Amino acid sequence: MMEQQGTLTGAQALVATLADNGVGACFANPGTSEMHLVTALDGEPRIRSVLCLFEGVATGAADGYARVTGLPAMTLLHLGAGYLNAGANIHNAGRANTPMINVIGDHAVPHLKYDAPLTSDILGLAAPNSAWIKSADKVADTGKLASEAFAASFGPKPAPVSLILPADSAWEQGGIKGPKVTPPSLRRVSDAQIEAACEAIKAAERPVLLINGTALGATGLAAAARLKAAGVRVMTDTFYPKMRRGAGIFAPERMQYFAEGAMADLEGSDLMLVAGTSLPVAFFSYPGKPSLLVPEGCQTFDLGSAETDSADTLTRLADALNAAASAPMAELSLPDQPTGELTAATVGQSLARHLPENALVSDDGVSNGLMSYLPTQNAQPHDWMMLTGGAIGLGMPLALGAAIAAPDRKVICLSGDGAGMYTNQALWSMAREKADVTTIVFVNHSYRILNIELYRTGAGNPGPTAKDMLSIGGPDIDWVALSQSMGVPAIEATTAEAFDKALEQAISAPGPRLIAAIVPG
């Protein structure tokens, strides 16, 4: 237990304050400057501490934890170098509007002037990816700033924040716990906006509504079904943080990834409304292709971005339109056992067959993951989580965090082999924590999506050097050996029948398992 208030170290005050405010997990990769935070966590039973062997695993896991619980996790990062290692999945979390509290150790304040080898401008490095950032240079401020960080991670829209803790502030006594705070709520769209949107829809011939955020939960999707029945086409962003899916749930359409496909799909739309998101933009710029994915002549209407409660927005909009009926919900329809060649499509069929009710899916499958997404629309009810920021390597850490957040739910991770190599250290943490995650790695020894993009960008005909830059074969990565070396039982599947059997066994067994699915490149 923590010591009395007057004798708390700064580290103890910080950790106790976060625990008082509901933080229940810390994903850590500590160093020397964080040792007093480590011992403070040792004395705080309300926070589950999980060691991660790479900082990108820690921040990706914190993202998954928050997507499931709605509460921020704490990460523990070692100086500026540790923060930089964590940066890609902090970026992904920012694009997912995920609350996250990154606690970054620093040298003792008097030591900074000597420019030791690991000294860096942490404020300068972390600020661009932090919705809020401060340094607790005085021990008495540690608890107060921890409370501020917790509140700031929620608003005005949820996002990662950074709290820097110099080593002397961590070890000195005189820490004071900060208050319990009430985080800001998501903004409610005005009645005037709802009324104006209602009139715009009535005047349109082919309105489309793009949704994200809380609209992708059960309440929001029920309202979306009413809007669909009232003549509004409802779509999600191409990538979203988490959506409820499966039998008995309304299935909105999904914005296409490639710009030309999205524009063709939207052709003829004369009104585009957005709720919980912003107007759609192509992931990349391509020669002769649009960046903003809004058809010419289509009017736009802003019903609030990620800082708004989009489920509430959709419910009130459906009420304003007197939309009493509801569009059909997805019906349970499980595929037969696939046979023959193992492909991304047959993997998807097996996943739809065996996906447990209320499972959580972490999708970092990039190109191959789409073939699992489509058939699972009619599987048992589940939640699907995506790579929102485009920085691959999120899938395994996200699954780890989700499993820590919801130990009673099976977690499925879909990962490309290229993406998996960014953060395969997550497997070790899964084994150590006995996380109930079944990881499926699509093994094709290639950055398949980049081979597609090579042609779409007009970069020319690839020669041997270009082809080698997009291949991860030679030597081929042995995923079974890699997984087993980190303590996760693994098996390779080369046929549809073998994969189906392996998946059934992995899902029925508790704890982490990995299947290396050998699919065409």
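Order these by the 10 Å Cβ neighbour count, fewest first: V232, V361. Let's see the in-between values first.
Working: V232 24, V361 29.
Listed from fewest to most nearby Cβ atoms, that is V232, V361.
Inverting the pair-averaged 1/r between distinct Cα atoms of segment 1-140 gives 15.3 Å as its Kirkwood hydrodynamic radius. Label-to-label distance, T494 versus D191, with points set 7 angstrom from Cα along the beta-carbon direction: 6.9 nm.
The H445 and F284 beta-carbon pair, evaluated with R₀ = 30 Å, returns a calculated FRET efficiency of approximately 0.80.
Taking the DSSP beta bridges in segment 344-518 as the whole, what percent of them are antiparallel, to the nearest 5? Walk me through the numbers before you get to the answer.
On the way: 1 of 27 bridges.
Of all bridge pairs located within segment 344-518, approximately 5 percent are antiparallel.
Using Cβ contacts closer than 10 Å as the measure, can you line up Y83, Y286, Y114, Y240 from fewest to most?
Values: Y83 25, Y286 16, Y114 8, Y240 22.
Ranked by crowding around the Cβ, least crowded first: Y114, Y286, Y240, Y83.
How long are the semi-axes of the equivalent ellipsoid of the chain, taking √(5λ) for every eigenvalue λ of the Cα gyration tensor, in whole Å from largest down? Show your work: numbers first, answer last.
Working: eigenvalues 281, 183, 99 Å².
Here the semi-axes work out to 37, 30, 22 Å.
The length gained by stretching the chain between D121 and R432 to full extension, at 0.36 nm per residue less their Cα-Cα distance, is 108.6 nm.
For the chain, the mean residue ellipticity at 222 nm estimated from helices alone is -10500 deg cm²/dmol, where every DSSP H run of n ≥ 4 contributes -39500 (n - 2.57) and the total is divided by all residues, rounded to the nearest 500.
Viscosity 1.567 mPa s, temperature 4 °C: what is the translational diffusion coefficient of segment 191-320 from Stokes-Einstein with a Kirkwood Rh over Cα pairs, rounded to a whole number of µm²/s? Intermediate values should be presented prior to the final figure.
Details: Rh = 14.7 Å.
Reported coefficient: 88 µm²/s.
Partner lysines whose Cα lies under 19 Å from the Cα of K242, excluding those fewer than 8 positions away in the same chain, are identified as K157, K410.
Between T32 and K113, 0.36 nm times their residue separation minus their Cα-Cα distance comes to what? Walk me through the intermediate numbers first.
Values: separation 81, 0.36 × 81 = 29.16 nm, distance 1.82 nm.
Separation in residues times 0.36 nm, less the Cα-Cα distance, equals 27.3 nm.
If both residues of a DSSP beta bridge must be in the chain, then about 10% of such bridges are antiparallel.
Starting with the fewest neighbours, write out L414, L355, L400 ranked by other beta-carbon atoms found within 10 Å of each beta-carbon. The partial results should precede the final answer.
Details: L414 31, L355 24, L400 35.
If I rank by nearby Cβ atoms, fewest first, I get L355, L414, L400.
Among the helices of the chain, those built from whole DSSP H runs whose Cα atoms reach 20 Å or more along their own axis and whose mean Kyte-Doolittle hydropathy is at least -1.0 are 55-69, 79-95. Scaled against the 2.2 N^0.38 Å expected of a compact globular protein of N residues, the Cα radius of gyration of segment 344-518 reads 1.01. Taking every DSSP beta bridge that has both ends in segment 191-320, the antiparallel portion is near 5%. Taking 0.36 nm per residue of separation and subtracting the current Cα-Cα distance, fully stretching the chain between Q337 and S471 would add 45.1 nm. Could you tell me the center-to-center distance, by alpha carbons, between segment 231-305 and segment 60-116 in angstrom? What the calculation gives is 31 Å, centre to centre.
Every read-out reported here was derived from the displayed coordinates using simple, explicitly stated rules and does not represent laboratory data. Keep in mind that what you see is a predicted model, and the values were worked out from it rather than measured. Quick reminder, even Gly has a Cβ in these numbers, built from the backbone with ideal geometry, and neighbours come from all protein chains shown.
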